[in-house]
Amino acid sequence: MKFFIDTANLNEIREAAALGLIDGVTTNPSLIAREGDVDFKQHIAAICEIVQGPVSAEVTSVDTEGMLREGREVARVAPNVVVKCPLTRDGLKATRQLTEEGFKVNVTLCFSAAQAILAAKAGAAYISPFIGRLDDIGQNGLVLLAEIIEIYRNYDWGTEVLAASLRHPIHVVEAARMGADVATLPFKVIEQLMKHPLTDKGLDAFLSDWKKSGR
Ligand code: E4P
């Protein structure tokens, strides 16, 4: 399972890249907005300088023509840019067109298996089911992830399943057990994955025993 980091914060991206754990980056308009008054394309370019793998940059138009214009522009920023389009009628049309022009598209805001089938049929490079946001409304997001992986295994569509909106390590472990192609993680979740209280306790005990032994 590939690990993408779900952030537009350059410090977090640098730190995750330094850890050697990151294969790509996903951003969205909310994450970019959180970085303040940055220029969108320059910021995506800065991310692409840190990470060589796929970097998703989302369009903000709601009509196909606008998505195509924005998608073509942002894809010119760097060869590893993936255009992110929402799972709407216009987004699917834009996905098909951008894919035919040779761009990679990450179809985002997927909340049903039916939507995931359409994204694959439109030629998406990635489908992003939002696990945590389904949990937030009392549905089990991991059930959706399992359904999509099961359906995609029946065909040769070439669309990778990118588990998104992951909020804690259980989401990540379950996505890996199911065989998701990619998990995109906030920096906080990457840190949570490393931590275990018994690791800290065990290390403290080893170091204290070592010191006591006078070495
Ligand atoms: C994915 O590409 C999205 O940016 C992201 O995972 C959304 O996560 P959230 O629901 O925690 O905002």
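Going residue by residue through segment 181-191, is there one that turns out to be away from the ligand (no atom under 11 Å from the Cβ), modelled with pLDDT of 95 or more and farther than 20 Å from A16 by Cα?
Step one: of segment 181-191, the residues away from the ligand (no atom under 11 Å from the Cβ) are 181, 187, 190-191.
Keeping just the survivors that are modelled with pLDDT of 95 or more gives 181, 187, 190-191.
Among the residues that remain, those that are also farther than 20 Å from A16 by Cα are: none.
The answer is no; no qualifying residue exists.
Collect the residues in segment 151-164 that are on the phi < 0 side of the Ramachandran plot and loosely packed, with under 12 Cβ neighbours inside 10 Å, keeping them in residue-number order.
Of everything in segment 151-164, those that are on the phi < 0 side of the Ramachandran plot and loosely packed, with under 12 Cβ neighbours inside 10 Å turn out to be R153, N154, Y155, D156.
Give all pairs with beta carbons closer than 6 Å in which a residue from segment 101-113 that is over 19 Å from I149 (Cβ atoms) and among the hydrophobic types (A, V, I, L, M, F, W, C) meets a residue that is more than 13 Å from the ligand (Cβ to nearest atom) and not in a loop (DSSP other than H, G, I, E, B); count only pairs at least 6 apart in sequence or on separate chains.
F103/A75; V105/T95; V105/L98; V105/T99
Residues in segment 83-103 that are buried (at least 18 other Cβ atoms within 10 Å of the Cβ) and within 16 Å of the ligand (Cβ to nearest atom): how many?
Of the residues in segment 83-103, 7 are buried (at least 18 other Cβ atoms within 10 Å of the Cβ) and within 16 Å of the ligand (Cβ to nearest atom).
Search segment 35-58 for residues that are closer than 15 Å to A16 by Cβ and pair each with any residue that is surrounded by fewer than 18 Cβ atoms within 10 Å (Cβ to Cβ) and of a type in the set (V, I, T) when their beta-carbon atoms are under 9 Å apart and the residues are at least 6 apart or on different chains.
These pairs meet every condition: A46/V38.
Of (1) buried (at least 20 other Cβ atoms within 10 Å of the Cβ); (2) without any contact (Cβ under 8 Å) to a residue 60 or more places away in the chain; (3) within 16 Å of the ligand (Cβ to nearest atom), L68 satisfies all except one. Which?
Checking L68 against (1) buried (at least 20 other Cβ atoms within 10 Å of the Cβ); (2) without any contact (Cβ under 8 Å) to a residue 60 or more places away in the chain; (3) within 16 Å of the ligand (Cβ to nearest atom), the one that fails is (3).
Please find, within segment 29-46, the residue that is surrounded by the fewest Cβ atoms within 10 Å (Cβ to Cβ) out of those that are among the β-branched types (V, I, T) and away from the ligand (no atom under 13 Å from the Cβ).
Restricting attention to segment 29-46, the residues satisfying the condition of being among the β-branched types (V, I, T) are 32, 38, 44.
Now drop any that are not away from the ligand (no atom under 13 Å from the Cβ), which leaves 38, 44.
Details: V38: 15, I44: 25.
By that ranking, first place goes to V38.
Could you please let me know if I137 is crowded, with 21+ Cβ neighbours inside 10 Å, of a type outside the set (F, W, Y) and within 16 Å of the ligand (Cβ to nearest atom)?
Spelling it out, it is not the case that I137 is crowded, with 21+ Cβ neighbours inside 10 Å, of a type outside the set (F, W, Y) and within 16 Å of the ligand (Cβ to nearest atom).
Output the helices (runs of 4 or more DSSP H) that fall wholly within segment 120-215 and possess 2 or more residues being of a type in the set (D, E) and free of Cβ contacts under 8 Å to residues at least 24 places away in the same chain, or say none. Full working, then the answer.
Values: elements: 131-136, 141-153, 169-178, 187-194, 197-212.
The helices (runs of 4 or more DSSP H) meeting that bar are 197-212.
The values are calculated or read from the model by the stated rules, or taken from the named source; none is laboratory data. Since we're looking at a predicted model, the values are computed, not measured. Reconstructed Cβ throughout: ideal geometry from the backbone, glycine too, with neighbour counts over all protein chains shown.
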